[in-house]
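Engineer: Pasting a structure below so you can have a look.
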Amino acid sequence: MEQLQQGRTATASASFPQLLYYFSKRLADIGVASLLLIVLSPILLGAALATWLDSGLPILYRCQRLGRYGQPITVLKFRTMRNGAYKHLEELL
């Protein structure tokens, strides 16, 4: 936890070249992520359509993860098992 606190104060008191580096890195991250989303969107739509045709809705599900500094975030993921699979666990075992 101490390292996380140190990381926060290090960026708060960063010099101009460091701030320029962080800003340009963030801009590059957003640009590359946007480009990949555009390029991969046909594949993602195909996966969504295949899931919908195979087993219906919902196509996505939400799960909680720990993000930066231990903050909980919600992540959307494609459903890869059948809906309510945990209810059918005893049948499979």
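Engineer: Looking at (1) assigned to a helix (DSSP H, G or I); (2) modelled with pLDDT of 90 or more; (3) touching a Phe, Trp or Tyr at 6+ places or on another chain (Cβ under 9 Å); (4) of a type in the set (A, V, I, L, M, F, W, C), which is the one condition that is false for Leu4?
Structural biologist: The single condition Leu4 does not satisfy is (2).
Engineer: Could you tell me which residue of the stretch 43-93 is surrounded by the fewest Cβ atoms within 10 Å (Cβ to Cβ), considering only residues that are among the basic types (Lys, Arg) and part of a loop (DSSP other than H, G, I, E, B)?
Structural biologist: Arg82
Engineer: Filter the stretch 22-67 for residues that are of a type in the set (Ser, Thr, Tyr) and either under 23 Å from Ala85 (Cα atoms) or at pLDDT below 95 (or both) and give the result.
Structural biologist: Across the stretch 22-67, the qualifying residues are Tyr22, Thr51, Ser55, Tyr61.
Engineer: So, Asp29, is that one of a type in the set (Asp, Glu) and open to solvent by 80 Å² or more (accessible area, probe 1.4 Å) or not?
Structural biologist: Working: of a type in the set (Asp, Glu): yes; open to solvent by 80 Å² or more (accessible area, probe 1.4 Å): no.
In short, no.
The values are calculated or read from the model by the stated rules, or taken from the named source; none is laboratory data. Computed from a predicted model, the values in this text were never measured in an experiment. Every residue, glycine among them, receives a Cβ derived from its backbone with ideal geometry; neighbour counts consider all protein chains shown. Keep in mind that these areas ignore ligands, DNA and RNA; they rest on the heavy atoms of the full protein, side chains included. Shrake-Rupley method; radii C 1.70, N 1.55, O 1.52, S 1.80 Å.
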